[in-house]
Each structure stands twice: as C-alpha cells, then as structure tokens.
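S.K.: I'd like to ask some things about the structure below.
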Amino acid sequence: YMQDTSIPLAKYGGRHTVTMMPGDGIGPEMMGYVKDVFRVAGAPIDFEMAALNPANDSYEDLVNAISSVKRNGCGMKGNIETKMNRPDIKSRNVEMRNELDLFVNVLKCKSQAGIKTRHDNLDVVLIRQNTEGEYAMLEHESVPGVIESLKIITEESTERLCRFAFDYAKANGRKKVTLIHKANIMKLTDGLFLEVCNRVAQDYPEIEHNDMIIDNTCMQLVSNPWQFDVMILTNLYGTIVSNLICGLIGGPGILSGSNYGPRYAVFEPGTRNTGTKLAGTNTANPCAMLNASVDLLEHLHLDEHAQLIRSAINKTINEDKVQTVDLGGQATSMDVVQNIIAHIKKGL
Ligand code: ADP
Ligand code: MG
C-alpha cells in the first residue's frame, strides 16, 4: 500500500520533473522560497508549474494540474481557495486528492526544541483517511429545510489505510497504533472503520493497538498527548486533530503533510492553510512549505539534499532562533529563508 516506487517517475538525465501547484494566498511566495533553496542546494528538480486560477470554475486548470501530477508521479501544493460559495462548486483540493487516489495523509508531529510550547517532546504520527468519509461532498436538500450529507466509509479504503498505518509503524520503529472514531454514535460508518482496524491489527501482533473516541481524544491530546504514537483517523476527525496537534507544536508555519496513494504523492504544508491575510506581507513562516519540499526530496530518494535542507531549517529555528512572528520571533519570511540558505552554503 506504500507508493510503488517501481513506477517510473519523470526523470531525465538524473533530474526529476515535479508538478508545482502554488495555490492561493501565501502559496506562490512559499513556492518561490522552495525554488531559491533548491537552487542553492543543487537539488536536481525541475518544476512544472500548474497554476489554478481561483476565478475559473471550468475545471480546465484542475484537469491540467492533475494530468501533470500523473505524468510526473509527484507534486508540491499550496492550498487552493474555493472562492465561489456555491453548492455546485466543489473544493478543488478534495477533487484532486480523489482523482489521484491520494487515500492517506501523513502528518509527522514532532516538537521542535527551540519553540516554546506548553507541551514539550511530542512525537505523534497522524494517518488520516484522505478521500472519503465526511468529505464525500454528497450533500443535498431532500425537502425544503432538510439537508442531508453522506459520510462514506468503504471497507476497501479503510483496510488499505489501516495497513498503511501498521506498515508505517513497523517500518519506523513505532510501538502503538490508536484508531480514533465515534462508533458509539455512528454505529455503521465508524463501526466499520473500527471493525476493519481491529481485523488488520491482528496481522501485526508486535504493534500495540487500541482505539479511542474522538471527543475523548481531544481532551487527552491537551492533557496527556504523550500517550499517542501513531493515530488513524477518518477524514474530518483527521483534519481537526491535525490542526489541534499543529497548534500544540507551534502552529501552521512548521509542519508539513504528505499525501500518498498507490501511484502518486503530493506534498504540502500540514494544516493546508491559505494564509490569505499574510500574503505579500513578508511575515508568513516559510518552514512548513520548506519542510514539505524536504519530504518531496526524501520521497525521490535524494537523501543528501533532503538532509542538507532539513538540518538548515532546524538550525535556523532551534539554534539561531531566527523565527517569524507566529513563533514569537521578529524575523521576516525572507530573513528565515536567508538564514536557511546560509546554512546550506556552509554545508555544501
Ligand atoms: P485565512 O483564512 O485568513 O487565509 P487560514 O485559515 O489560511 O487564514 O490560516 C489560519 C491561521 O493560520 C491564520 O491566522 C493565518 O494567519 C495562520 N497561518 C497560516 N499559514 C501560516 C504561515 N505559514 N505562517 C504563519 N501563520 C500562518
Ligand atoms: Mg483559510
């Protein structure tokens, strides 16, 4: 269920071609920093740009972006705003994940030594269902004043999600997997989610396994977050809990998230914010997108480049404490990027 790396990705003369979808808000600025950093680090990546015009509801841009990812095998993405608040206009972020079958979102939540937070030393990995559940976008008004929304849970997609999570735990020396659900109320949908997970867990006797109700999970996360190791969540619980944990660790500017399917992978900031109000102010934290770019390099097995950039980011935040306002610092986005670039040059 992991990305099948035997499928050839676009690679010519030792260079990879990767789709870059800047998205809206701060996305284009952040992507500019990724290009600057890759240039200095000598990362052998050529970006194929796929801009999605927020005012365009023809879906032509979306179709082009999706075929670009299919051609290249992987992409980087900023958040795409759905400007038109009409029920027939669907989120293009969701459409893209569905079309590429990016069924799992992985968020590695690890505390940074140099960021002051209420809880230190957190190290949790979220495995979120990324294509169905509450995000099926199947809503309708059955009679005036009555709206229905369908939550779709399939056995097939839940099974590959759970296998992904247990395989991930095994491959990364993790000890425990916790399934998050609300099966006491949603007996059929979350009931199936829980049942499949319990079944899959039996194939992994070396990994401890338990389950927890979503509301209790939120309470536990703020009072004793250290009890969690790997968590499996449905789509909606996943986005809520990922924002909660990102908040515990230092906000939306730090963590990156990876989306995987059987064939393709897309890398982006963990909380998928647009950051509209920050656009053009030179104040947004560039580290979330830069960490996403390192995830991309790791995915392409460009480990030396990945390590060079990752360590430059970590030194900048944790040792030099060159931090943007979201982390309590005074640095601009460009100060942070310049500091990262200086470390990369030293490490070359
Ligand atoms: P908006 O809807 O105004 O664009 P978002 O919902 O995108 O805001 O983001 C949620 C919050 O996270 C906002 O307060 C935004 O300023 C903040 N935020 C998002 N991305 C970043 C970032 N890279 N650096 C600092 N703050 C950020
Ligand atoms: Mg927003």
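S.K.: Give the residues of segment 302-311 that are more than 16 Å from S258 (Cβ to Cβ) and touching a residue at least 60 places away in the same chain (Cβ under 8 Å), sorted by residue number.
M.R.: Scanning segment 302-311 gives H305, L308.
S.K.: Would you mind stating whether T234 is β-branched (V, I, T), within 16 Å of ligand 2 (Cβ to nearest atom) and surrounded by 18 or more Cβ atoms within 10 Å (Cβ to Cβ)?
M.R.: no
S.K.: Consider R263 against the criteria (1) away from ligand 1 (no atom under 13 Å from the Cβ); (2) not in a loop (DSSP other than H, G, I, E, B): it satisfies all of them except one. Which criterion is unmet?
M.R.: Failed condition: (2).
Quick grid of which residues meet (1) away from ligand 2 (no atom under 16 Å from the Cβ); (2) in contact with a Ser or Thr (Cβ under 6 Å, 6 or more places away or on another chain):
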residue: G257; (1), (2): no, no
residue: G261; (1), (2): yes, no
residue: Y264; (1), (2): yes, no
residue: T274; (1), (2): no, no
residue: K277; (1), (2): no, no
residue: N282; (1), (2): yes, yes
residue: C287; (1), (2): yes, no
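S.K.: For the structure I just gave you, tell me whether M219 is of a type outside the set (S, T, N, Q), surrounded by fewer than 18 Cβ atoms within 10 Å (Cβ to Cβ) and not in a loop (DSSP other than H, G, I, E, B).
M.R.: Judged against the criteria, M219 is a match.
S.K.: Residue under question is L188, and the condition is that it be surrounded by fewer than 16 Cβ atoms within 10 Å (Cβ to Cβ) and either at pLDDT 95 or above or away from ligand 1 (no atom under 16 Å from the Cβ) (or both); does it hold?
M.R.: yes
S.K.: Now a separate question. Which condition from (1) out of contact with any helix residue (DSSP H, G or I) (no Cβ under 8 Å at 6 or more places or on another chain); (2) surrounded by fewer than 22 Cβ atoms within 10 Å (Cβ to Cβ); (3) under 30 Å from L302 (Cβ atoms) is the one that P144 breaks?
M.R.: (3)
S.K.: Mind checking whether some residue in segment 291-301 is free of Cβ contacts under 8 Å to residues at least 24 places away in the same chain, under 26 Å from N105 (Cα atoms) and not in a loop (DSSP other than H, G, I, E, B)?
M.R.: yes
S.K.: Identify all residues within segment 295-309 that are touching a Leu at 6+ places or on another chain (Cβ under 6 Å) and surrounded by 21 or more Cβ atoms within 10 Å (Cβ to Cβ); write none if there are none.
M.R.: Answer for segment 295-309, where residues must be touching a Leu at 6+ places or on another chain (Cβ under 6 Å) and surrounded by 21 or more Cβ atoms within 10 Å (Cβ to Cβ): just H305.
S.K.: Can you name every one of the helices (runs of 4 or more DSSP H) wholly within segment 10-106 that holds 3 or more residues which are within 16 Å of ligand 2 (Cβ to nearest atom) and under 24 Å from T283 (Cβ atoms)?
M.R.: The helices (runs of 4 or more DSSP H) meeting that bar are 27-41.
S.K.: Something else: Taking the options I240, I249, name whichever one is touching a strand residue (DSSP E or B) at 6+ places or on another chain (Cβ under 9 Å), closer than 30 Å to K182 by Cβ, in contact (Cβ under 8 Å) with a residue 60 or more places away in the chain and not hydroxyl-bearing (S, T, Y). Step through it out loud before you land on a result.
M.R.: Working: I240 fails: in contact (Cβ under 8 Å) with a residue 60 or more places away in the chain.
So the residue among I240, I249 that is touching a strand residue (DSSP E or B) at 6+ places or on another chain (Cβ under 9 Å), closer than 30 Å to K182 by Cβ, in contact (Cβ under 8 Å) with a residue 60 or more places away in the chain and not hydroxyl-bearing (S, T, Y) is I249.
S.K.: Just checking, which of N314, N318 is more than 14 Å from ligand 1 (Cβ to nearest atom), surrounded by fewer than 15 Cβ atoms within 10 Å (Cβ to Cβ), part of a helix (DSSP H, G or I) and in contact (Cβ under 8 Å) with a residue 24 or more places away in the chain? Talk me through it step by step, then tell me what you get.
M.R.: Details: N314 fails: surrounded by fewer than 15 Cβ atoms within 10 Å (Cβ to Cβ).
From the options N314, N318, the qualifying one is N318.
S.K.: Need the failing condition index for H301 against (1) farther than 14 Å from F38 by Cα; (2) modelled with pLDDT of 95 or more, just the number.
M.R.: The number of the failed condition is (2).
S.K.: Does V196 satisfy being more than 16 Å from ligand 1 (Cβ to nearest atom), surrounded by 21 or more Cβ atoms within 10 Å (Cβ to Cβ) and either part of a loop (DSSP other than H, G, I, E, B) or within 14 Å of the chain's Cα centre (by Cα) (or both)?
M.R.: No: the conditions fail for V196.
S.K.: Let me spell it out: the conditions are (1) polar (S, T, N, Q); (2) touching a Ser or Thr at 6+ places or on another chain (Cβ under 6 Å); (3) buried (at least 20 other Cβ atoms within 10 Å of the Cβ), and S68 meets all of them except one. Which number is the exception?
M.R.: So S68 meets the others, but not (3).
S.K.: Every residue in segment 116-153 that is assigned to a loop (DSSP other than H, G, I, E, B) and closer than 27 Å to V177 by Cα, please. Write out each step before concluding.
M.R.: Filtering segment 116-153 down to residues assigned to a loop (DSSP other than H, G, I, E, B) leaves 116-122, 130-132, 144-145, 153.
The answer is T117, R118, H119, D120, N121, L122, N130, T131, E132, I153.
S.K.: Give the number of residues within segment 236-260 that are within 12 Å of the chain's Cα centre (by Cα), of a type outside the set (S, T, Y) and outside any loop (DSSP other than H, G, I, E, B).
M.R.: Pass one, segment 236-260, residues within 12 Å of the chain's Cα centre (by Cα): 238-239, 242-243, 246, 252, 254-260.
Then keep just the ones that are of a type outside the set (S, T, Y); that gives 238, 243, 246, 252, 254-255, 257, 259.
Then drop every residue that is not outside any loop (DSSP other than H, G, I, E, B), which leaves 238, 243, 246, 257, 259.
Residues that pass the stated criteria total 5.
S.K.: I'd like to verify a number: residues in segment 273-285 that are more than 7 Å from ligand 1 (Cβ to nearest atom) and not hydroxyl-bearing (S, T, Y), how many?
M.R.: Qualifying residue count, segment 273-285: 3.
The values are calculated or read from the model by the stated rules, or taken from the named source; none is laboratory data. Here the structure is a predicted model, which is why all the values come from computation and not from measurement. Backbone-built Cβ (ideal geometry, glycine too); neighbour counts: all protein chains shown.
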